[in-house]
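The structure appears below as structure tokens.
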Amino acid sequence: MKNRVEQLRKERGLSQEEFARALRVSRQTVSSIENGKYNPSLELAFQIADFFQKTIEELFLWKENDQ
């Protein structure tokens, strides 16, 4: 699944560490989400969407053939 998390985080001028603290997750979790190596839980996806004041669909781009 592709996402816009890194783009939006950088637009806000936040480091991965700062963003991770705001979400109460590890920096490694943020890095893994941004690199597409980890898909967040539904709860975390809603937290990220709320943080950026976006919908989940605006952040996470799913295509049927994505793995």
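The values are calculated or read from the model by the stated rules, or taken from the named source; none is laboratory data. Keep in mind it's a predicted model, so treat the numbers as computed, not measured. Virtual Cβ from ideal backbone geometry, glycine too; neighbours counted across all protein chains shown. SASA here: full protein model, heavy atoms, side chains in, ligands and nucleic acids out. Shrake-Rupley method; radii C 1.70, N 1.55, O 1.52, S 1.80 Å.
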Within segment 17-35, work out how many residues are of a type outside the set (Ser, Thr, Tyr) and open to solvent by less than 40 Å² (accessible area, probe 1.4 Å). 6
State all residues of segment 6-16 that are over 10 Å from the mean Cα position of the chain (by Cα), of a type in the set (S, T, N, Q) and surrounded by fewer than 17 Cβ atoms within 10 Å (Cβ to Cβ); if no residue qualifies, say none. Ser15
Subset of segment 36-46 (residues that are part of a helix (DSSP H, G or I) and open to solvent by less than 80 Å² (accessible area, probe 1.4 Å)): Leu44, Ala45
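Tell me which residues, restricted to segment 48-57, are in a helix (DSSP H, G or I) and open to solvent by 80 Å² or more (accessible area, probe 1.4 Å). Step through it out loud before you land on a result.
As a first pass, look at segment 48-57 and keep what is in a helix (DSSP H, G or I): 48-52, 56-57.
Within segment 48-57, Asp50, Glu57 qualify.
Out of Ile33, Ile56, I need the residue that is in contact with a Pro (Cβ under 7 Å, 6 or more places away or on another chain) and among the β-branched types (Val, Ile, Thr). Which one? Steps first, answer last, please.
Values: Ile56 fails: in contact with a Pro (Cβ under 7 Å, 6 or more places away or on another chain).
Answer to the selection: Ile33.
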